[in-house]
Structure formats: structure tokens, C-alpha cells
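Everything on this sheet refers to the single structure shown next.
Read-outs throughout are calculated quantities, based only on the coordinates presented, and are distinct from any laboratory measurement. Please read these numbers as outputs of a predicted model, since none were measured by experiment. A quick note on method: Cβ atoms are made from the backbone with ideal geometry, for glycine too, and the neighbour counts reach across all protein chains shown.
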Amino acid sequence: MTPRPLTAVATALAAATLLLLGSLPAQAQSSDTRTTYKVVPYVISDPALVEHPDKLVEEVKEHGDLDRLGIKPATENGPSRITGAKAARTKAAAQATPAGYVVDSSRFPRGSVPADIFDYATRDQCDDNSEAASADAGWIKNRYSYCQKHVLFMPAFECGIFPPRCRLSGTYASTNTLIGYGKTSGYESNPASSRWADFRLSVDNILTTGVFSGSGADLEASIECEGNYLDDDFPETDENACFPGLNNETEKSINEWRRDSGAHFDVISQASEPDISHGAQIGTGVFHIEYEFDLPWYFQALDTESPEGGMRFDSAVYLGPGNSRMGSVFDRAVPGMAYRLGDAAVAGVAQHIDDARTDPDSTVPPRAFKNLVGATPVAPLHRLPGSRLMPAQRARVIDNRNVSTGFCGTIGMPPQPPTGGPFDCDEYPFASTYEGAARFKYEPADQQAQFRDQFSVRWVNRTVNREAGARLGRWYGVDRILDHEEFFLPIQP
């Protein structure tokens with residue numbers, strides 16, 4: 001099918017061409033100075049279109065742009081903006097409900113380290129979660145696994161200046177999948193202190209027409225990362241908090257991408273060697289993939305960016321024995337660990353937490369307006385480390401336990417059941433959280449009454465209670481839950 005003239009976009013494109021003409025490289029203009037050549041970039045995160053990029057090709061053939069789909073071209077500030085009521089509802093929903101992930105506590109029996117702490121997402125799992133992966137934020141399977149899918153769409157136009165008239169000369173479309181892998185080891189060039197992460201890009205479902213179907217079109221993909229250290233006094237510039245590593249770009253012809261769809265990238269975060277005197281050395285990174293086409297005669301006004309993802313790097317030695325002293329995680333989802341009512345090893349603790357959050361008025365110690373958080377990412381708990389390397393935090397953990405077990409020794413505590421012992425005094429929220437029983441002591445004087453007795457205690461079989469505690473403690477370390485970090489703990493069947 002021969003592309004037909006597109007009068008609907010001719011004036012706008014031709015006007016833009018006039019502005020660009022003086023600065024275009026020679027290859028962007030033909031020997032006939034009345035004609036210029038331009039590629040209009042789109043990077044689209046929409047589940048329906050990620051699965052059907054052919055709809056974009058048909059739309060631009062018919063109308064010359066994607067305006068009727070509510071999609072604007074990519075800009076120097078990021079990927080394509082999607083407008084309209086549906087997009088507004090999706091954005092509002094995402095802002096109202098923080099993303100979260102959940103691992104089952106059974107991964108950590110007796111507080112053991114799993115054989116595979118990463119449990120990386122596979123490509124099939126990413127495809128099975130395509131709707132979440134096709135959103136701007138991507139799909140975070142767990143602390144170490146990130147997946148994002150988007151459409152890279154590039155229509156090419158030939159534009160005449162006098163008279164102003166453009167015609168579609170070709171299209172490129174592909175479904176691109178970026179999978180990220182967090183790490184708990186040092187980078188190869190500086191393993192003692194450099195944290196890092198690994199990424200694999202797959203460029204699939206390539207559709208080309210017109211000028212993109214020839215042998216001259218190349219596509220380059222590269223990774224970029226904008227870093228930041230949370231400590232303003234950290235002895236490194238923010239640029240070193242996250243930057244591309246040795247594997248930073250891949251350039252291939254379109255035909256080569258068809259034969260081999262993959263590209264490998266990594267990013268690095270520089271730090272001092274892990275030591276408690278250096279703190280956690282937290283660095284953050286906002287990463288994306290940049291795309292650049294090399295198409296003879298055609299001018300791409302800007303490199304096109306994929307949606308951004310987020311990472312955190314740390315060297316937190318207080319995470320304890322058996323856990324890595326440094327690592328990288330995908331931190332744009334609130335971490336969660338679940339206890340199951342059907343898991344006999346922790347059932348007593350699971351039942352206590354479920355009952356307490358469902359009916360806080362029935363718990364002890366009694367108090368009006370008791371509010372026990374931690375069931376969802378919207379109302380999370382905050383981790384309080386008990387490491388001997390952090391004496392202030394450890395003292396507060398001990399305070400939490402003293403307050404909760406102290407109540408268990410009063411006449412207000414129901415008697416222990418006649419069978420099922422021996423028993424422990426189980427508390428919720430946990431002593432290892434800032435929401436623990438002693439919170440009121442650490443609040444301003446005029447707020448202490450608000451937080452006094454905001455906890456629940458119950459007699460729970462000692463073996464069950466300690467198994468639940470061992471699993472929680474190991475999860476903190478394996479998933480790198482840092483001091484003050486949010487987490488939630490759902491109770492499942």
C-alpha cells in the first residue's frame with residue numbers, strides 16, 4: 001500500500017520543519033531543499049497497545065498522528081503522554097494505592113536463608129503480568145525483580161515546505177520488555193564497595209513499513225541513570241550514586257534486532273567499603289532506556305526515553321549475619337511478607353494479628369479508638385533494627401518488649417489457656433517496628449496519650465511465636481528492609 005498524502009498534519013509538521021531546517025544536519029535534507037525528512041518518536045505504556053502495536057500503524061496511516069487515541073509524541077521530558085478520562089482515572093488510582101509486593105513467610109523456615117534469595121522474574125511471568133508491567137511504574141515481582149513493557153513507535157514523514165504538505169513514508173513499531181535484576185554482590189570492577197544492578201532488554205514484535213523496511217535503519221538502545229545520595233554530607237557527588245556500567249549501550253540494524261532481540265545493561269552505585277561508621281550509604285537511582293534511530297536522510301529531533309524506574313542501593317551492615325553487606329533493590333513498591341492462617345508453624349501468630357486488626361476493641365490492653373496498622377501498603381509499619389551496631393534503635397526495641405510483656409504480667413491480662421503451651425506473650429505491632437508498644441514514650445509530651453496502649457498482646461504457643469519471629473527477622477535481612485523503611489504484613493488463608 002502506497003502511503004497517501006496526510007493533509008491533516010501537513011501544516012503543523014511543515015511549520016516545525018521551517019524552524020528546524022536551518023539547524024538540520026546535511027543528511028536530514030535531500031538535494032531538493034523543498035523536502036525534509038523527519039521521524040516523530042513515541043514511547044507508549046498502555047496495556048492494550050503494548051499487546052497490539054499494529055493499531056498504532058493503522059492509526060497513523062489513517063490520520064497522520066495518534067491524537068485521536070489521546071497519545072502525544074515523546075518529548076525531552078520523557079515518554080509519550082496519554083490524555084483523556086481513562087488515563088486520568090488510571091493515574092489517580094495509582095496515586096491512591098501504593099504498589100506493593102508480598103512474599104510468603106514459608107520461604108524462611110526457622111529463619112533460614114532461601115537457596116535462591118532473588119527469585120527473579122522470568123520473561124513468562126512478566127508477560128503474565130503484562131497489564132501491570134505496561135504501566136509507567138512497571139511490575140515489581142519482589143525486591144530484586146523489575147519488569148516494564150512499552151511500545152516504541154516511530155512514524156517517518158517526508159515534508160514539503162512550498163506548499164506545506166507531508167506524507168507518511170514509513171513506520172517502525174516494537175514491543176520492548178526491560179527486566180531488572182537487583183544484586184547483593186559488588187560490581188566486577190570494584191567488588192569491595194560498588195553496588196550494582198543488571199538489566200536485559202528484549203525488542204520484539206518488530207513491525208516495519210516503507211523506509212524502515214530497508215537495510216539502512218539502525219536502532220541504538222542505551223541505559224541512563226540519575227543518582228542521588230540521601231546523606232547530604234556523603235563524600236561522593238550525586239552522579240556517582242547511579243551511573244551506567246561497562247554494559248551501557250547496544251546498536252544494531254533493524255534486521256539484526258529481529259535476529260537477536262536482546263541487549264544487556266548494568267548500572268553502578270559507588271560507595272565506601274561497608275562499615276557501620278559509614279552508615280548505610282544509601283543511594284537512589286532513576287533509570288530509563290534511551291532510543292536513537294539512525295535512518296539515512298531522516299532527522300530524529302531527540303533521543304526517546306522509556307518510562308522511568310527506581311532503585312535503591314545500600315551498604316547496611318546492620319542487616320545481620322548471613323545477609324549481604326551491600327545490595328540493590330527496586331524500591332518503588334512497598335515490601336510485604338505474609339503469614340498464612342493455614343500454615344501451622346505460624347498459625348497462632350497469624351490468628352492473633354488478624355483478630356487484632358479486624359476487631360481492635362476486643363484486644364488487650366483495652367483502649368478506645370485503637371488503630372493497629374500494617375495490613376496494607378496504605379497504612380504500613382516501619383522497621384526498627386535491633387542490631388547491637390545501632391544502640392539507640394536496639395534500646396527502643398527492648399523498650400517495646402518491656403512495655404508489652406509488662407502488661408502480660410498484670411491482672412488485666414487474660415489467663416493462659418489450659419492446653420497448648422508453653423506460651424509466649426506475643427505482641428503486635430512487633431517490637432521490631434517504630435509502631436511498637438513503647439512508641440508513646442518517644443512522641444512529644446502532648447501526643448503521648450494518643451499512642452499509649454496502641455498494641456495488642458495474646459498468649460501464643462512459644463514454638464509458633466518464635467518461628468514467626470525468626471521468619472520475620474530473616475525476611476528483614478534478605479529483602480534489605482532498612483531502618484525506618486515502610487513494610488506491611490498481610491494475613492492470608
(request) Sticking with the crude label model, points 7 Å out along Cα→Cβ, report the distance from ALA445 to GLU292 in nm, one decimal please. (result) 6.3 nm
(request) Sort 280-292, 407-419 for me by packing, meaning the mean count of neighbouring Cβ atoms within 10 Å per residue, highest on top. (result) 280-292, 407-419
(request) Determine ³J(HN,Hα), in whole Hz, for all residues of the stretch 317-322 in sequence, where each value follows from phi through the Karplus function 6.51 cos²θ - 1.76 cosθ + 1.60 and θ = phi - 60°; x replaces Gly and Pro. (result) 6, 6, 5, x, x, x
(request) Could you rank the peptides 308-316, 264-272, 46-54 by their average count of other C-beta atoms within 10 Å per residue, with the highest value first? (result) 308-316, 264-272, 46-54
(request) Rank the residues VAL40, VAL457 as a footprinting-exposure proxy: fewest other Cβ atoms within 10 Å of their Cβ go first. (result) VAL40, VAL457
(message) For a protection proxy built on the mean count of beta-carbon atoms within 10 angstrom, sort 236-247, 332-343, 474-485 highest first, please.
(response) 474-485, 332-343, 236-247
(request) Work out the FRET efficiency for ASP355 and PHE162 from their Cβ-Cβ distance, taking R0 = 60 Å, and round it to the nearest 0.05. (result) 0.15
(request) Sketch the reach of a paramagnetic label on ALA344 as a point 7 Å from Cα along Cα-to-Cβ, and name the residues of the stretch 462-477 whose backbone nitrogen lies under 20 Å away. (result) 462-471
(message) What does the extension gain come out to for ASN77 and ASP233, with contour length at 0.36 nm per residue minus their alpha carbon separation?
(response) 53.2 nm
(message) Taking amide H atoms as placed 1.01 Å from N in the peptide plane, list the residues 5 or more away in sequence, or in a different chain, whose amide H sits under 5 Å from that of VAL334.
(response) ALA99, GLY100, TYR101
(request) Take the cross-link list LYS55/LYS149; LYS38/LYS61; LYS72/LYS141; LYS141/LYS252; LYS55/LYS252 and give me the ones stretching past 19 Å between alpha-carbons. (result) LYS72/LYS141; LYS141/LYS252; LYS55/LYS252
(request) Straight distance only, please: which lysines reach the Cα of LYS370 with their own Cα at less than 21 Å, same-chain residues fewer than 8 apart left out? (result) LYS441
(request) Mind jotting down the distance between the C-alpha centroids of the stretch 114-163 and the stretch 218-247, whole Å? (result) 21 Å
(request) Show the residues, 5+ positions off or on another chain, whose built amide H is closer than 5 Å to the amide H of ALA316. (result) GLY327
(message) I'd like the Karplus ³J(HN,Hα) series for the stretch 334-345: coefficients 6.51, -1.76, 1.60, θ = phi - 60°, whole numbers in Hz, and an x wherever there's a Gly or Pro.
(response) 6, x, x, 10, 10, 9, 10, 4, x, 8, 4, 5
(message) For the pair SER213/ASP260, report the inter-label distance in nm, with labels modelled 7 Å from Cα in the Cβ direction.
(response) 2.7 nm
